[in-house]
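The values are calculated or read from the model by the stated rules, or taken from the named source; none is laboratory data. Treat the numbers as computed from the prediction; the structure is a model and nothing was measured. Glycine gets a Cβ as well: all are built from the backbone with ideal geometry, and neighbour counts include every protein chain shown.
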Amino acid sequence: MPELPEVETTRRGLAPLTEGRAIASITVRQPQLRWAVPSEIQRAEGQRVMAMDRRAKWLIWRLESGCMLWHLGMSGSFRGWTDPPEPGRHDHVDVQMAGGHLIRYTDPRRFGALFWVEGDPAQHPHLIGLGPEPFDARFDGDYLWRLSRGRRVPVKSFIMDGRTVVGVGNIYASEALFTAGIHPRRPAGRISRERYRRLARAIVDILDRAIEVGGTSLRDFTVGDGTPGYFGQSLRVYGRDGEACPGCGAPIKREVIGQRSTFFCPTCQR
């Protein structure tokens, strides 16, 4: 599913097509995504998009009055068209910008979500309990170390918990833990402050590099112009079960942690 780098890549693609422009019309062809699309979404028509923001994996279309809060779910994506084709069976929502592009939301699995928010979107039930962004100044190794004290949960589950930090999805958690040399099953409360500092730096660096190259293309994800992201070509352990570790040559292992496939080197990570 699209993770933080993919969603940030989408935000960057949508921003120049929407910011400063008014929404001429919204067409909802499928009113039932993961949750029902509220009829209030039509209030966006005629309003100018003041900013295209992101919080965790949610896109926030900030309008003159109110916001559209959008999640890509498992397979959602946006495309901007100047001459759009006829909508297909999975093209569920069109946002026509005044004098500009038609923004089309496609979601084959319909696990995405679209909400209308009148007040502060940070207070929405899906956002209010979230931890800091990885790129926030308050996120660092000392923060992770303090929050982890007394925790027995595997460190991979700990950093994937959105209440700890947002946006560290399954792929990037495996990659960051490998870079930091930390075994994904190690209890979160039994990792030193210095090792957490290495892990925090690895999380920021890997997410930053993934954003720069457009995210990781797996299954359904493409960026706004229809081209895939290419960070997948730089993955060192994820999806490489049985292949040689790039650090020591030992076979990479796959285990299921928290119901998610986890890839690691049993020699380099402890």
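Does Arg193 count as under 18 Å from Ser148 (Cα atoms), outside the structural domain of His71 (by TED's automatic domain parsing), at pLDDT 95 or above and surrounded by fewer than 19 Cβ atoms within 10 Å (Cβ to Cβ)? The answer is yes for Arg193. Would it be correct to say that Ser65 is hydroxyl-bearing (Ser, Thr, Tyr) and either modelled with pLDDT under 95 or touching a His at 6+ places or on another chain (Cβ under 8 Å) (or both)? No: the conditions fail for Ser65.
One residue alone among Gly141, Gly129 is small (Gly, Ala, Ser), at pLDDT below 95 and out of contact with any Pro (no Cβ under 9 Å at 6 or more places or on another chain), and that residue is Gly129.
Pairs linking a residue in the range 192-211 that is on the phi > 0 side of the Ramachandran plot to a residue that is in a helix (DSSP H, G or I), with Cβ atoms under 8 Å and 6 or more positions apart or on different chains, do not occur. Among residues that are among the polar types (S, T, N, Q), assigned by TED's automatic domain parsing to the domain that holds Ile257 and touching a Lys or Arg at 6+ places or on another chain (Cβ under 8 Å), Thr179 is included. None of Phe78, Phe111 is surrounded by fewer than 18 Cβ atoms within 10 Å (Cβ to Cβ) and farther than 18 Å from Glu40 by Cβ except Phe111.
Filtered by the rule that a residue be part of a loop (DSSP other than H, G, I, E, B) and crowded, with 20+ Cβ neighbours inside 10 Å, the range 132-161 gives a lone residue, Pro134.
Take Arg79 and tell me if it is among the basic types (Lys, Arg), farther than 27 Å from Asp136 by Cβ and more than 14 Å from the chain's Cα centre (by Cα). Criteria met by Arg79. Residue count for the range 184-212 satisfying the condition of being part of a loop (DSSP other than H, G, I, E, B) and under 13 Å from Phe158 (Cβ atoms): 4.
The listed residues are His71, His90, and the only one of them that is over 17 Å from Ala24 (Cβ atoms), surrounded by 19 or more Cβ atoms within 10 Å (Cβ to Cβ) and free of Cβ contacts under 8 Å to residues at least 60 places away in the same chain turns out to be His71. Of all residues in the range 5-22, those being modelled with pLDDT of 90 or more, crowded, with 19+ Cβ neighbours inside 10 Å and acidic (Asp, Glu) number 1.
Screening Pro2 against (1) in a loop (DSSP other than H, G, I, E, B); (2) closer than 24 Å to Ile128 by Cα; (3) at pLDDT 95 or above; (4) not hydrophobic (A, V, I, L, M, F, W, C) leaves a single unmet condition, (3).
Per-residue answers, yes or no, for (1) over 24 Å from Gly88 (Cα atoms); (2) in a strand (DSSP E or B); (3) in the same structural domain as Gly100 (by TED's automatic domain parsing):
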position	(1), (2), (3)
Arg11	no, no, yes
Ala15	yes, no, yes
Ser25	no, yes, yes
Gly46	yes, no, yes
Ser65	yes, no, yes
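Screening the range 37-54 for residues that are under 24 Å from Glu6 (Cα atoms) and either out of contact with any His (no Cβ under 9 Å at 6 or more places or on another chain) or among the hydroxyl-bearing types (Ser, Thr, Tyr) (or both) and picking the one that is surrounded by the most Cβ atoms within 10 Å (Cβ to Cβ) gives Val49. Of Ala56, Ala36, Ala51, Ala24, all but one fail to be farther than 19 Å from Gly167 by Cα, out of contact with any strand residue (DSSP E or B) (no Cβ under 7 Å at 6 or more places or on another chain) and among the hydrophobic types (A, V, I, L, M, F, W, C); the exception is Ala36.
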